[in-house]
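Asker: Right, I'll just put the structure down here and ask away after.
The values are calculated or read from the model by the stated rules, or taken from the named source; none is laboratory data. Just so it is clear, the model here is predicted, and its values are computed rather than measured. All Cβ positions, even for glycine, are placed from backbone atoms using ideal geometry, and neighbour counts span all protein chains on display.
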Amino acid sequence: MAAFNLDINGKKQTVDIDPKTPLLWVLREHLNLIGTKYGCGVAQCGACTVHLEGSAVRSCSLPVSAVANKKITTIEGLSANGDHPVQKAWLEHDVAQCGYCQTGQIMTAAALLKTNPNPSDAQIEAAMSGNICRCGTYLRIKEAIKTAANQK
Amino acid sequence: MTTIKELKMEKITSPSRRSFLKSSVLASGGLMISFSGLAKFMPDDKISTTNLAEQWNEITGYIKITSDNLIKILNPNPEFGQNVMTSLPMIVAEELDVDWQKVVIEMGPHDNVKLGPQFTGGSNSIRMYWKPLREAGAAARQMLREAAAQTWAVSVEEVTTKAGILIHEKSNKSGTYGEFASKAAANPIPKGVKLKEVKSFNTVRSSRKNVEGLKIVTGKPLFALDYKHKGMLIAMIEHPPAFGKKLKSFDASEALKMPGIKDVLSLQLYPEGYEQAAFDTRTFNDLLVVVGNTTWEVMNARKKLKVEWQPISESKEVVNGFRGKTEVVIPAEPETTTTQLAKMAEYAKKPAQQLRKDGDPEAAFAKAAQILERTYSAPFLAHNCMEPMNFFAHVTDEKALLIGPHQAPGWIEPTLSKILNLPPEKIEIQMSRMGGGFGLRAYGHYVVEAALISKKVKAPVKLVYSREDDMTYGIYRPMYTATYRAALDANKNLIAFHVKGGGIPEHPIHANRFPAGAVDNYLAEGWAIPSNITIGAFRAPRSNFNAAAEQSFLDELAELMGKDPIDFRLELLKRAKENPVGKNNEYDADRYAGVLKLVKEKSGWNNSENKKYSRGVAAYFCHNSYAAHVVDVVKKEGQPYVERVTSAIDCGVVINPNAAINMVQGALVDGIGNAFYGGLTHKDGASEQKNFNRYRMIRHKEAPQKIDVHFVENDIDPTGLGEPPFPPVFAAVANALYKDTGKRFYTQPFVNEVKSNS
Ligand code: FES
Ligand code: FES
């Protein structure tokens, strides 16, 4: 056990925890930030995507010891009321089916648009291919990203 | 950041309100949140300032209205992504005549008496609720009209409605539904109320956004995996590393020393001699359970278990299913894919069970000028729902509370009642939004496991499957093969058709489906090889293989006969319509032909500008609906890639068109993914794929650029849509790949052959 200072969604807090605990489980089980999902635990599905210093990362494979004092954003901190352009575009295109993968998809998309405000189809495909959607909503995800890009 | 949900929970003080909110929060993720868009949050504070629990007037089981005119519609059916949470209430709203923007939608409680069958599967949600929900909406509207008529002392015929307002034009009186709700609720529910004409619908048939969209994109706790309960422990099961093995002994001393671990225990899922109901699966009956404070701690402690496994011995299980009792043999031997394939080839040569015979197929084949014979096969598939299996249980000696993702809680309740020794009325099941289902969540093992663990450790428990647990547990789409044969006369006329299909551990054949009914001499046969690998329904069970094989075969047959593949199918359907062969043909030849004609037109099948594509077509009928697809393949980075799909569907009235298109697109992506990549192999009983690093799922860049979906417009009562578009994609892909590579694809997943081809 060790104490770590975490900076999550602009809020500084300390957790006393096994240093190897993946950020995913710290968020979900210690900080009640359950919008970040567990899908595979091995960095293969993207359901657990959060932003670390603005970049999309797989929180299931990131020990808490590696993220102390770094700026972390989860879906809960992406916007105050679900009004981030990516979230709005997701609603406009009614992207979700079961919805389970979508917070991870949104976090990946938001990070992409931050570094590349006008991605090409190929760039969207490359950035989004680490996120599995079992329900097959990829076409709408792409449309929504394009809509969000145009709104920025 | 504090979420709205947290705010609400903090404010709650009174016990009755807490329990009311609890159920609604768990089941639907929140009560008063409107769904139409970002600005449409209804004031959350209302909940904490008024005691709504007592205020609702129940008009019918599906509809509740407060006197200050909040209108709530309960979705009766489990939601796993098929959009019932939105589309079923739309049906009620249509007949009730309310403003959709102002309605509150909530997941209903599990109550088969008030809310019907509550079962998601077989593409049946809309089909089975279509009439009851229309009747509920119409009856409620009638009750409100009667209440207004009584109050205003006018004839009920003169009371009309408009978007939630009752109107008596002559006297210039009007009032909200809310004003008359308590009076209406006191009246008996009328029977036989006239329903609207389909033509005059204004909610149904127009697209409405997912009512849980905002909660989904903001990561609100909709799923059972997100659920928290006071004092809740986490449990995980260490199941055998292979099919054909069971627990022998274990040493938990190291695991128990791990931080956060409460208990390590073993228990039996079902007692000796237990007679299983249709959906009582038990891949592994002896459970080794680790219980602790958090998932991560339990995962770690599992690694410290020292377990000895032993081989199972052959056994027989009695399953009391929908078609009566059957005895299932469970062989002991651990299975390996290569051996399974060899065994299937051997069985395919043996005599099989005759499922349907028309005319004299043997004689026709004997005198044929030409015979085409082809064999198709497909592997086990794992469902891989993105939310792994999990369930919350709090079981005491008096009662049981179960919360989680399940497609058919009503089927599991009798089992829970037996196993827990509690009467059904003491068992409360709450239905959470499911992170996918695809058939897997119709089975009950994980629900019963959670309940038994909670009972044993005397605490509220959430059972969690890791991805690896989920993928290696079984309940797979079976392994299938089928040999198709067609006999042609000297003029290349089709004179006989024969399909012989088998599988592990069931055969895939639907004997009365097309082209049965269109060929004079027809024979369908099936065989099966018992297995200790468990299977279950997977999006369009059996059809998902049949369509792949049969529709690929018809494509090759059309080519051999020198015919266009669409025209060839239309000819067969014409025959089936005008002069059908045999009885019990399951499909409607006109509707089947209808989707083929529509897809031909919409895809520009014969247009020269589409020559750049390698095009494949396939169609299928299953789950009461019809689907036809044209798949367009191009080369991308040297590999064949499905760039475009055109789809034609006949499922009768489409309730929520944009959501329906989403589901068809999803089914096509799913089908393309499974056709190319899906598959699970075994070595000595162990799954060789345990997570997404080895089990390949279709990714964003592999999905088509465009999927155009077209519905046949008619007024036929709606049938299903979750499954029907899925099966024919496999064949449309195979047929397009043939055009692209010059090679026929007989063995799924196709990626292996695509690779060896390039
Ligand atoms: S849960 Fe982290 S990538 Fe799948
Ligand atoms: S919406 Fe179900 S997994 Fe993506």
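Asker: Residues to consider are B:Ser377, B:Ser432; find the one that is hydroxyl-bearing (Ser, Thr, Tyr), within 15 Å of ligand 2 (Cβ to nearest atom) and either in the same structural domain as B:Gln268 (by TED's automatic domain parsing) or touching a residue at least 40 places away in the same chain (Cβ under 8 Å) (or both).
Answerer: One residue alone meets the criteria, B:Ser432.
Asker: Does A:Gln87 qualify as being within 24 Å of B:Asn83 (Cα to Cα) and away from ligand 2 (no atom under 13 Å from the Cβ)? Spell out the reasoning first.
Answerer: Working: within 24 Å of B:Asn83 (Cα to Cα): yes; away from ligand 2 (no atom under 13 Å from the Cβ): yes.
In short, yes.
Table: residues versus (1) free of Cβ contacts under 8 Å to residues at least 12 places away in the same chain; (2) away from ligand 1 (no atom under 16 Å from the Cβ); (3) surrounded by 24 or more Cβ atoms within 10 Å (Cβ to Cβ).
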| position | (1), (2), (3) |
| --- | --- |
| A:Leu112 | no, yes, no |
| A:Pro119 | no, yes, no |
| A:Glu125 | no, yes, no |
| A:Asn131 | no, no, yes |
| A:Arg134 | no, no, yes |
| A:Ala144 | no, yes, yes |
| A:Thr147 | no, yes, no |
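Asker: Can you tell me which of B:Arg699, B:Arg694 is free of Cβ contacts under 8 Å to residues at least 60 places away in the same chain, of a type in the set (Lys, Arg) and at the interface with chain A (Cβ under 8 Å from one of its Cβ atoms)?
Answerer: Working: B:Arg694 fails: at the interface with chain A (Cβ under 8 Å from one of its Cβ atoms).
Testing whether each residue is free of Cβ contacts under 8 Å to residues at least 60 places away in the same chain, of a type in the set (Lys, Arg) and at the interface with chain A (Cβ under 8 Å from one of its Cβ atoms) leaves just B:Arg699.
Asker: Out of the residues in the range A:1-17 that are under 21 Å from A:Ala110 (Cα atoms) and buried (at least 17 other Cβ atoms within 10 Å of the Cβ), state the one that is nearest to the other protein chains (Cβ to nearest Cβ). Lay out the reasoning, then the answer.
Answerer: Taking the range A:1-17 first, the residues under 21 Å from A:Ala110 (Cα atoms) are A:7-11.
After this cut, where a residue has to be buried (at least 17 other Cβ atoms within 10 Å of the Cβ) as well, the list is A:8-9.
Details: A:Ile8: 9, A:Asn9: 5 Å.
Out of the qualifying residues, it is A:Asn9.
Asker: Another one. Within the range A:81-101, work out how many residues are more than 7 Å from chain B (Cβ to nearest Cβ) and under 15 Å from the mean Cα position of the chain (by Cα). Walk me through how you get there before you give the answer.
Answerer: If we filter the range A:81-101 for residues that are more than 7 Å from chain B (Cβ to nearest Cβ), which is where we start, we get A:84-86, A:89, A:92-93, A:95.
Within this subset, residues satisfying the condition of being under 15 Å from the mean Cα position of the chain (by Cα) are A:84-86.
Residues flagged as more than 7 Å from chain B (Cβ to nearest Cβ) and under 15 Å from the mean Cα position of the chain (by Cα) within the range A:81-101 amount to 3.
Asker: What's the total number of residues in the range B:551-586 that are within 20 Å of B:Phe730 (Cα to Cα) and not in a helix (DSSP H, G or I)?
Answerer: So the answer is 1.
Asker: Follow-up. Criterion first (away from ligand 2 (no atom under 16 Å from the Cβ) and more than 20 Å from B:Thr218 (Cβ to Cβ)) does A:Val50 satisfy it? I'd like the intermediate steps shown before the answer.
Answerer: Details: away from ligand 2 (no atom under 16 Å from the Cβ): yes; more than 20 Å from B:Thr218 (Cβ to Cβ): no.
The answer is no for A:Val50.
Asker: Out of the residues in the range A:18-39 meeting the condition of being more than 9 Å from chain B (Cβ to nearest Cβ) and away from ligand 1 (no atom under 16 Å from the Cβ), tell me which one is surrounded by the fewest Cβ atoms within 10 Å (Cβ to Cβ).
Answerer: Filtering the range A:18-39 down to residues more than 9 Å from chain B (Cβ to nearest Cβ) leaves A:19, A:23, A:27, A:31.
Those left that are additionally away from ligand 1 (no atom under 16 Å from the Cβ): A:19, A:31.
Numbers: A:Pro19: 13, A:Leu31: 19.
The selected residue is A:Pro19.
Asker: Can I ask one more? Have a look at A:Val50, A:Val42, A:Val67 and point out the one that is on the phi < 0 side of the Ramachandran plot, within 12 Å of chain B (Cβ to nearest Cβ), touching a residue at least 24 places away in the same chain (Cβ under 8 Å) and among the β-branched types (Val, Ile, Thr).
Answerer: Working: A:Val42 fails: touching a residue at least 24 places away in the same chain (Cβ under 8 Å); A:Val67 fails: within 12 Å of chain B (Cβ to nearest Cβ).
Answer to the check: A:Val50.
Asker: Collect the residues in the range A:19-40 that are closer than 20 Å to B:Pro221 by Cβ and within 16 Å of ligand 2 (Cβ to nearest atom), keeping them in residue-number order.
Answerer: A:Gly35, A:Thr36, A:Lys37, A:Tyr38, A:Gly39
Asker: Is there a residue being within 15 Å of ligand 2 (Cβ to nearest atom) and modelled with pLDDT of 95 or more anywhere in the range A:69-82? Show your work before the answer.
Answerer: To start, the set of residues in the range A:69-82 that are within 15 Å of ligand 2 (Cβ to nearest atom) comprises A:75.
Still in the running and modelled with pLDDT of 95 or more: A:75.
There is at least one residue in the range A:69-82 that is within 15 Å of ligand 2 (Cβ to nearest atom) and modelled with pLDDT of 95 or more.
Asker: Only one residue in B:Ser614, B:Ser608, B:Ser625, B:Ser603 is touching a Cys at 6+ places or on another chain (Cβ under 7 Å) and in the same structural domain as B:Glu586 (by TED's automatic domain parsing), so which one is that?
Answerer: On the way: B:Ser614 fails: touching a Cys at 6+ places or on another chain (Cβ under 7 Å); B:Ser608 fails: touching a Cys at 6+ places or on another chain (Cβ under 7 Å); B:Ser603 fails: touching a Cys at 6+ places or on another chain (Cβ under 7 Å).
Selected residue: B:Ser625, the only one of B:Ser614, B:Ser608, B:Ser625, B:Ser603 that is touching a Cys at 6+ places or on another chain (Cβ under 7 Å) and in the same structural domain as B:Glu586 (by TED's automatic domain parsing).
Asker: On to the next question. Could you tell me which of the residues A:Ala111, A:Ala43 is more than 16 Å from ligand 2 (Cβ to nearest atom) and under 17 Å from B:Met386 (Cα atoms)? It would help to see each step written out before you state the result.
Answerer: Numbers: A:Ala111 fails: under 17 Å from B:Met386 (Cα atoms).
Of A:Ala111, A:Ala43, the one residue that is more than 16 Å from ligand 2 (Cβ to nearest atom) and under 17 Å from B:Met386 (Cα atoms) is A:Ala43.
Asker: Identify, by number, the condition in (1) more than 22 Å from B:Asn662 (Cβ to Cβ); (2) free of Cβ contacts under 8 Å to residues at least 24 places away in the same chain; (3) away from ligand 1 (no atom under 13 Å from the Cβ) that A:Leu91 doesn't meet.
Answerer: Tallying (1) more than 22 Å from B:Asn662 (Cβ to Cβ); (2) free of Cβ contacts under 8 Å to residues at least 24 places away in the same chain; (3) away from ligand 1 (no atom under 13 Å from the Cβ), A:Leu91 fails exactly one: (1).
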